[in-house]
Ligand SMILES: [Zn+2]
């Protein structure tokens, strides 16, 4: 299983472990993949990495809107419009990106720390894909 394949599955909001669907419940993930039974939250504090990814993505979105808005409208920059746009992006983007931040984190974490035999033995039906 390559890292890029896991990332591709994550971008499609599918299980990074097996590629199975139906892993979302609203904007959040279900606890376990219905296909391979991978338990997504592997330990306490697991989602801190997803929060970090979401924060980094919001910073990039903010900079794209702020710097892009300035560059496109220079020298008559509409500061009020850019302020409204950057506030809107900073408020909405974390909510919209939330599912991807989690699936991308699962993909990166699975590649860096594959499940141990103890972990897979404690999840009945778990299978490596
Ligand atoms: Zn799965």
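In the chain, Cα pairs under 8 Å separated by at least six residues give a relative contact order of 38 percent.
If R0 equals 35 Å, the separation of the Cβ atoms of residue 127 and residue 60 corresponds to a calculated FRET efficiency of about 0.50. Against the chain, whose longest principal axis comes from its Cα atoms, helix 79-112 is set at around 20 degrees. Distance from the Cα centroid of the stretch 44-76 to that of the stretch 8-38 is 25 Å (rounded to whole angstrom).
Here each label is just a point 7 Å from Cα along the line to Cβ, and for residue 1 and residue 84 those points are 4.6 nm apart. What shape does the chain take by its C-alpha gyration tensor, where a ≥ b ≥ c are the square roots of the eigenvalues and a/c under 1.5 counts as rounded, a/b above b/c as prolate, and the rest as oblate? It comes out prolate by the Cα gyration axes.
Seen against the Cα atoms of the chain and their longest principal axis, helix 48-73 is set at about 20 degrees.
The numbers here are math on the coordinates, done by the rules we state, and not lab data. The structure presented is a predicted model; accordingly, all values stated were derived computationally and were not measured. Backbone-built Cβ (ideal geometry, glycine too); neighbour counts: all protein chains shown.
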